[in-house]
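**Student:** Have a look at this one.
Any read-out appearing in this document is the output of simple, stated calculations on the displayed coordinates, not a laboratory observation. Just so it is clear, the structure is predicted and the values come from calculations on it, not from any experiment.
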Amino acid sequence: MTTIQTSTASVQTQSSGSSRSTGSDISSQITRLTSQITKLTQQLKDVANGSGTTEDKKKQQELLQAQIKMLQAQLAQLQRRQAEEAQQKQEQQQGKVEGVNSPSDEHKIDIYV
């Protein structure tokens, strides 16, 4: 009988409720997820070259593929959240820009017709 060994990847994600996560926190989570996906992908490759019956290899590959899919979904969610936060920052910065369309009080010109 062959023993199938797999590592389960546990990832903690925060809800976007009252505690907002910082950009660096999201970046570190993305890095960690990417690393885990890389490790699982390597394990998936090693399964094909490993010992055991074809059926055992197939089961182990299915488990690894399921874990990879789960991590990819979490990665996509974090990347989406990171993009949203970047967009919000950009919009906030654009609102502060003073120029032709929104002059400062010092550079405002009153025109009377």
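**Student:** Please turn the phi angles of segment 66-74 into ³J(HN,Hα) values with the Karplus equation 6.51 cos²θ - 1.76 cosθ + 1.60 (θ = phi - 60°), one per residue in order, whole Hz, x for glycine and proline.
**Tutor:** For segment 66-74, the Karplus curve yields 5, 5, 4, 4, 5, 5, 5, 5, 5 Hz.
**Student:** Moving to a separate point now. Expressed in nm to one decimal, what extension gain is obtained for the pair Ile109 and Gln93 from 0.36 nm per residue of sequence separation less their Cα-Cα distance?
**Tutor:** So the extension gain works out to 3.4 nm.
**Student:** I've got another one for you. Could you give the length gained by full extension between Ser27 and Glu55, i.e. 0.36 nm per residue of separation minus their alpha carbon distance, to one decimal place? If you can, show how the numbers build up before the last one.
**Tutor:** Values: separation 28, 0.36 × 28 = 10.08 nm, distance 3.84 nm.
Once the chain is fully extended between Ser27 and Glu55, it gains 6.2 nm.
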